[in-house]
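The values are calculated or read from the model by the stated rules, or taken from the named source; none is laboratory data. Since the structure is predicted, the reported quantities are computational estimates derived from the model, not experimental observations. Because the Cβ atoms are built from the backbone with ideal geometry, glycine has one as well, and the counts that use them run over all protein chains shown. We work out accessible area using only protein heavy atoms, side chains counted, and drop any ligands, DNA or RNA first. Shrake-Rupley method; radii C 1.70, N 1.55, O 1.52, S 1.80 Å.
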Amino acid sequence: MTSFMPPAQKNWWAVPVGRQEIVWIAIALVWCLIMFFMMPFWHMYGDQNISNEGYRVTPIKYQAKVNEMIEKYKVREVGAMKTPVVAPPDGGDIYLMARLWSWYPMLELKKDVTYRLHLTSIDWNHGFSLQPVNINLQVVPGYEFVLNITPNKAGEYTIVCNEYCGIMHHTMLGKIWVKE
Amino acid sequence: MAQFRQCPDTGLFFHKEAENLMKANAVAGVVCLLIAGVLALLVVLTRWPAVHLLPADAFYMVLTAHGICALIFWVIFFEMAILYFAGSTLLRSRLATPRWAWAGFVLMIVGAVMTLAAVFAGKSSVMMTSYVPMRAEPSFYLGLVIFAVGALIGCFVYLGTLVVAKNEKTYEGSVPLVTFGATVACVIAIFTIASGAEILIPTYLWSIGYISHIDPAMYRVIWWALGHSSQQINVAAHVAVWYLIAGVIFGARPMSEKVSRAAYLLYIFFLQLASAHHLMTDPGISSEWKIFNTSYAMYLAVLASMIHGLTVPGAIEVAQRKKGLTNGSFEWLRKAPWGNPVFSSMFISLVGFGFLGGISGVVMGTEQISIIIHNTIYVPGHFHATVVIGTTMAWMGLTYLLIPVLFRRKMILPQAAKLQPYIFGLGMSLVAVFHMAAGTLGVARRHWDMGFAGNPLGFEYPATAYLLMGIAGIGGVIAVAGGALFIAIAVGSLVFGEKLQKEAGLLQSFGFPLADSAYTNEKPARLPMAPAEAVEADHGEAGFEAPGTFILAMVLLVSFVIYYFINWKYLSEVWGLS
């Protein structure tokens, strides 16, 4: 009856702790430390880390960069909207823009080549969700996210928006093709 | 003059004002749960691909209302009832400033109605998180602020009650563990509400044009200090309810007051910016900040929950072994009162919170693993395990406990009540597990159509994802049925339940006084300390008081370790990112 009554001892803090609890706390603490160290460890030795590169940006400036990239590296157009497909040079910068309700432009990349992906939204929050690999990044307006990406498998990839962005959210898709 | 009555069954003393406030808050909470449950059914039937019930605009409106109603209104109204119970009833003290408490309650009602009205008017479908620069109606934010002010008043009434109890010497020694846990919940609540004010007041001013710009990244950082900490209030409060139910049903005493209370303090010190784990894949925030604030270098808040995960069932095991249930490792558990919905709700809450909610939460809160989980439907899967199986089921167990005590009514439909926790627990476990599974296949959360109708580009999730979402849909329907059964039993008992005191009628159960009231002006006798434990032979094994619990804890740990590294393996297979 004591969980809802005052402790049986006035000096309850001086009552020795049982062996079972001490053992469990020790095991659990070790596990908690391992989980902490895994994060810096992966930064040093793992291949999948969120970059620390980001800049403040305005929609106008960013759109200018996107258009400049499209002008230089457009390879074709897709669909009724004539969405440009861009094949950036190896190791080059990619400017991908999220807006209501599309990812612009589309991309053609090469397998095992590293690119600098720039990512921002010009209106609301969006979610970059690359399928079927399942890479998910938050896209925040006003912030230009820069990550080095290295596609490791050829194929057709779709960018789904997974941050709610209004009534046509479910139609917001983009494409990336990765060639051998 | 403060009036008290003593419950003839439990011996608990109820201060009349506190009792009325508990009833009012609990009833308001259950009404919110009812609304949230109806909305949940609509959400479930829309995300179940084969049914796809609502159109997109209605779906986002309903989803916004469901989140707010369940995650904010239901749990916080009920938490107010718990605070008044832990402060006044458990300490045999009068409640400090009941009029302020009523003012807080009225503000909470006004705020809740205002926000829900804004959502149902259709122009505030911004989700519970209301990330700027998407804009809701001003009354959406104002309602939340008013609700929070009301809850804040309740917190201070609770703290005031602790002072009153101390000054009037209503108890001997230190406050009970349950009250200690409720105090921790209260402290976290104050931090949470302060964070909420810090972000929602400027956002309100922005929505009416007084502030021109709110930085979207800053909004997310501060909003999650509200959004995540509020879930920590739930954890602190529902762990207190676990201890309470263990004490009531089994007469269990904490294995160690020191360990349990220290674990609670870890919640206060190491939780707050753990909201960082919502921002793992955000731009503009450094990895150092993310890693440190998600873990404080050693995940001491996780450690605290792992400690409670051992000491709550451990306390039950020790109490059961003292009653002679010492055969093998698990006789104490086998012979627990599985037909008592108070116990079964609490135990399902404990196990579901640990195995489904806890493990998945820590895994997805790992900086890099978040990349393969962030904003997928894995996330709702996780928090339905923590907040619904964990918190809501603990509240349900407490409701079953308190209907006879607080409302002086016998519970109706006892056979159905026996089954209810299992139906609800099973349904919600299916929701949690299959949403998580669909999330690993990339299915997005807060998304009306996983078929992307209307986009000529086309993309199909794997067929398995549709199957998983279908099973989650079935689970959701089962859970809603279980929830409906709970509300039918709870409300039905208030209205139709056999009166335990002949003189009380329905009005009296809402606090209207009778001429022949059981209340007296007599001050309750001082709450004594728990009786000292008789020195007995050790019923455990190898110096372990609760060996069965230790085995269960190790099963949890092994599952945790395996699942954690499986996710690193998945992560290592995706594109290189740096």
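How many angstrom separate the Cα center of segment A:31-105 from the Cα center of segment A:126-180? A separation of 9 Å, based on Cα centres. Relative contact order of chain B: 17 percent, from C-alpha pairs under 8 Å at least 6 residues apart in sequence.
Counting 0.36 nm for each residue step from B:ASP57 to B:LYS418 and taking away their Cα separation leaves a gain of 126.1 nm. Relative to the longest principal axis of the Cα atoms of chain A, helix A:59-73 runs at roughly 50 degrees.
To the nearest 20 debye, what charge dipole does chain B have about its Cα centre, counting +1 at the Cβ of each Lys and Arg and -1 at the Cβ of each Asp and Glu? Once rounded to the nearest 20, the dipole reads 1000 debye.
Given the protein assembly as shown, what whole percent of its Cα pairs are spread farther than 41 Å? Walk me through the numbers on the way to the answer.
On the way: 91501 of 286903 pairs.
Here the long-distance tail beyond 41 Å is 32 percent of all Cα pairs in the protein assembly as shown.
Accessible surface calculations at 1.4 Å, restricted to protein heavy atoms, place the protein assembly as shown at 36 Å² per residue. How far is the Cα center of segment B:423-439 from the Cα center of segment B:152-188, in Å? Cα centroid of segment B:423-439 versus Cα centroid of segment B:152-188: 36 Å apart. Dipole of the protein assembly as shown computed with +1 at Lys/Arg Cβ and -1 at Asp/Glu Cβ about the Cα centre; of B:TRP206, B:SER260, B:GLY11, farthest Cα towards the positive end is B:GLY11.
For the chain pair A and B, buried accessible area totals roughly 8900 Å², probe 1.4 Å, rounded to the nearest 100. Among the trypsin sites (Lys or Arg not before Pro) found in segment A:75-124, those both in a DSSP coil and sparsely packed, with 11 or fewer other Cβ atoms within 10 Å of their Cβ, are A:LYS82.
Based on the alpha-carbon gyration tensor of chain A, what equivalent-ellipsoid semi-axes (square roots of 5 times the eigenvalues) come out, in whole Å, largest first? Walk me through the intermediate numbers first.
Details: eigenvalues 467, 82, 45 Å².
For chain A, the ellipsoid semi-axes come out as 48, 20, 15 Å.
In segment A:50-65, the residues whose accessible area drops by at least 30 square angstrom when the other protein chains are added to the isolated chain are A:ILE50, A:ASN52; the probe is 1.4 Å and only protein heavy atoms count.
Computed extension gain for B:ALA117 through B:PHE330, at 0.36 nm per residue and net of the alpha carbon distance, reaches 71.6 nm. Along the axis of the charge dipole computed for the protein assembly as shown (Cβ charges of +1 for Lys and Arg, -1 for Asp and Glu, origin at the Cα centre), the listed residues B:SER370, B:TYR422, A:ASN134 are led at the positive end by B:TYR422.
So what's the back-of-envelope 222 nm ellipticity for the protein assembly as shown, counting only DSSP H runs of four-plus at -39500 (n - 2.57) apiece and dividing by all residues, rounded to 500?
On the way: 21 runs with 394 residues, N = 758.
Dividing the helical sum by the residues of the protein assembly as shown leaves -17500 deg cm²/dmol.
Max-minus-min Cα coordinates of segment A:117-180 on each principal axis give 35, 24, 15 Å, with the largest extent listed first.
Here the Karplus curve 6.51 cos²θ - 1.76 cosθ + 1.60, taken at θ = phi - 60°, turns the phi angles of segment A:37-54 into couplings of 5, 4, 5, x, 4, 5, 4, 7, 10, x, 9, 10, 9, 6, 6, 9, 9, x Hz, with x standing for Gly and Pro. Once both labels are positioned 7 Å from their Cα atoms along Cα-to-Cβ, the gap between B:GLU460 and B:MET218 label points is 4.8 nm. Beta bridges assigned by DSSP with both partners in segment A:39-108 are antiparallel in approximately 80 percent of cases.
Under 5 Å between amide hydrogens, built in the peptide plane, is the criterion, and for A:ARG56 it picks out A:GLU144 among residues at least 5 positions away or on other chains. Here the Karplus curve 6.51 cos²θ - 1.76 cosθ + 1.60, taken at θ = phi - 60°, turns the phi angles of segment B:408-422 into couplings of 6, 10, 7, 5, 7, 6, x, 5, 5, 5, 4, 7, 3, x, 6 Hz, with x standing for Gly and Pro. Distances between placed amide hydrogens fall under 5 Å for A:TYR95 paired with A:HIS118, all partners being 5 or more residues away or on another chain. Taking a ≥ b ≥ c as the square roots of the eigenvalues of the Cα gyration tensor, segment B:178-332 is prolate, since a/c reaches 1.5 or more and a/b is larger than b/c.
Could you please report the charge total around B:LEU571, scoring K, R as +1 and D, E as -1 over all other residues with beta-carbon less than 14 angstrom from its beta-carbon?
-2
Each residue of segment B:458-471 was assigned a 3J(HN,Hα) from its phi angle through the Karplus expression (A = 6.51, B = -1.76, C = 1.60, θ = phi - 60°), giving x, 7, 10, 5, x, 4, 4, 4, 5, 4, 4, 5, x, 5 Hz with x at Gly and Pro. Note on B:ALA488 and A:VAL113: with the Förster distance fixed at 51 Å, the Cβ-Cβ geometry gives a FRET efficiency of about 0.25. Annotation: lysines with alpha-carbon distance below 28 angstrom to B:LYS290 (same-chain offsets under eight excluded): B:LYS569.
Whole angstrom only: what separates the Cα centroid of segment B:46-116 from the Cα centroid of segment B:223-255? Using only Cα atoms, the two centres lie 18 Å from each other.
Beta-bridge orientation, the protein assembly as shown: approximately 75 percent antiparallel, per DSSP, counting only bridges with both partners inside. Which of the lysines could a cross-linker span from B:LYS258 if the Cα-Cα distance has to be under 18 Å and same-chain partners fewer than 8 positions apart are dropped? Qualifying lysines at Cα under 18 Å: A:LYS10. Per residue, the average separation of C-alpha pairs within less than 8 Å and at least 6 apart gives chain A a relative contact order of 19 percent. Other residues with beta-carbon under 10 Å from the beta-carbon of A:PRO88 carry, at +1 per Lys or Arg and -1 per Asp or Glu, a net charge of 0. Quick check: from the Cα gyration tensor, does segment B:303-393 come out rounded (a/c under 1.5), prolate or oblate? It is prolate, given that a/c is not under 1.5 and a/b is the larger ratio. Skipping prolines and chain starts, which residues have an amide H placed within reach, meaning under 5 Å, of the one on A:LYS175, given they are 5 or more residues away or on another chain? For A:LYS175, the qualifying residues are A:LEU107, A:ILE159. At a Cα cut-off below 18 Å, give the lysines reachable from B:LYS523, other chains included and same-chain residues fewer than 8 away excluded. In chain and number order, the partners are B:LYS16, B:LYS166, B:LYS169.
Once the C-beta distance of A:ASN11 and B:GLU172 is scaled by a Förster radius of 22 Å, the resulting FRET efficiency is 0.95 to the nearest 0.05. Placing a label point 7 Å from the Cα of A:THR150 along the Cα-to-Cβ line, the residues of segment A:101-136 whose backbone N sits under 16 Å from it are A:110-117. Antiparallel beta bridges, as assigned by DSSP with both residues in segment A:53-179, represent about 70 percent of the total such bridges. Taking Cα centre as origin and charging only the Cβ of basic (Lys, Arg, +1) and acidic (Asp, Glu, -1) residues, the dipole magnitude of the protein assembly as shown rounds to 1140 debye. Applying a DSSP loop filter and a limit of 10 other Cβ atoms within 10 Å to the trypsin sites (Lys or Arg not before Pro) in segment B:162-266 leaves B:LYS169.
For chain B, what number results from the quotient of the Cα radius of gyration and 2.2 N^0.38 Å?
For chain B, the normalised Cα radius of gyration comes out at 0.96.
Computed from the C-alpha gyration tensor, the three semi-axes of the ellipsoid equivalent to segment B:68-170 are 33, 11, 10 Å, from longest to shortest. Near A:VAL75: Cβ cut-off under 14 Å, other residues only, Lys/Arg at +1 and Asp/Glu at -1. The net charge is +4.
Roll a 1.4 angstrom probe over the protein heavy atoms and tell me the percent of accessible area of chain B that is carbon or sulfur. Mind dumping the intermediate values first?
Numbers: 13890 of 19840 Å².
The computed percentage sits at 70.
What the Cα atoms of segment B:372-501 give is an Rg and a Dmax of 18.8, 68 Å.
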